[in-house]
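Please read the structure below before turning to the comments.
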Amino acid sequence: KAYHDITLADGRSVSVGGIVDRLDKITVNGEQVLRIVDYKTGKYDPSKLKAEDMDDAFTNCQKRYVRQTLIYSYVVSELGNELDTLGRIGKYDRMQPILLFSYKNLTDEKTKKDIDIATARVDNFENDYKADTEGRLKDLLTQILDEKDFAQTGVENKECKYCPFVKLCGKENEVSVF
């Protein structure tokens with residue numbers, strides 16, 4: 001589990017994070033790369049793995065895989081040495097979020113997926129995406145905390161039963177919740 005307290009412009013503090021499935025430190029072309037690995041199961045859908053831009057990553061519910069790995073990368077970057085309890089991560093040159101799909105009948109090309117924003121692979125999170133991720137995350141958290149009513153996403157499908165906010169949006173009677 002990796003959580004980081006983020007302070008919003010108005011002084012409120014929110015704990016953000018989740019369960020990072022795996023951290024890998026690998027060598028690529030002589031560089032030490034810390035990979036933030038998130039496992040995914042289910043149907044492989046490449047359209048959910050690329051965002052048109054950072055706005056798309058943070059506002060399009062279909063891009064939740066991208067948003068989740070960006071947030072995990074942000075939290076890991078902020079925690080730094082706190083996560084390195086066994087001393088195995090150490091210094092690295094760059095951070096890269098990765099999705100690993102686990103589903104039968106997947107080919108090798110579909111098991112590991114880099115995260116793409118626009119047409120570029122997120123290859124150096126801390127240099128290229130961290131500041132933007134932090135700003136958008138703060139804006140999103142402020143918007144969520146300032147809402148008087150929970151805003152429904154408009155999604156009306158079986159995914160609602162897995163949503164932890166189903167009682168807030170009023171769809172609890174429409175879906176079978178565990």
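The values are calculated or read from the model by the stated rules, or taken from the named source; none is laboratory data. It should be emphasised that the depicted structure is a prediction, and the values quoted were computed from it without experimental measurement. Here the Cβ is made from the backbone with ideal geometry for all residues, glycine too, and neighbour counts use every protein chain on show. Side chains are part of the model used for accessible areas, which takes the heavy atoms of the whole protein and leaves out ligands, DNA and RNA. Shrake-Rupley method; radii C 1.70, N 1.55, O 1.52, S 1.80 Å.
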Does residue 36 satisfy being within 19 Å of residue 116 (Cβ to Cβ), of a type outside the set (Ser, Thr, Tyr) and out of contact with any Lys or Arg (no Cβ under 6 Å at 6 or more places or on another chain)?
yes
Checking 2, 9 in turn, the sole residue that is surrounded by 14 or more Cβ atoms within 10 Å (Cβ to Cβ) and among the small types (Gly, Ala, Ser) turns out to be 2
Of the candidates 65, 72, the one satisfying the condition of being within 17 Å of residue 130 (Cα to Cα), surrounded by 12 or more Cβ atoms within 10 Å (Cβ to Cβ), touching a Lys or Arg at 6+ places or on another chain (Cβ under 7 Å) and modelled with pLDDT of 85 or more is 65
Looking only at the range 1-60, which residues are touching a residue at least 40 places away in the same chain (Cβ under 8 Å), part of a loop (DSSP other than H, G, I, E, B) and among the polar types (S, T, N, Q)?
none
Any residue at all in the range 49-57 that is open to solvent by less than 50 Å² (accessible area, probe 1.4 Å), among the charged types (D, E, K, R) and modelled with pLDDT under 90?
no
Can you confirm whether residue 40 is farther than 19 Å from residue 129 by Cβ, of a type in the set (Lys, Arg) and open to solvent by less than 50 Å² (accessible area, probe 1.4 Å)?
yes
Being open to solvent by less than 70 Å² (accessible area, probe 1.4 Å), farther than 22 Å from residue 37 by Cβ and modelled with pLDDT under 80 is the requirement here; does residue 154 meet it?
yes
Restricting to the range 12-37, give me the number of residues that are in contact with a helix residue (DSSP H, G or I) (Cβ under 8 Å, 6 or more places away or on another chain), more than 19 Å from residue 125 (Cα to Cα) and either surrounded by fewer than 11 Cβ atoms within 10 Å (Cβ to Cβ) or not charged (D, E, K, R) (or both).
1
Being over 17 Å from residue 100 (Cβ atoms), open to solvent by 70 Å² or more (accessible area, probe 1.4 Å), among the basic types (Lys, Arg) and at pLDDT below 85: is that true of residue 88 here?
yes
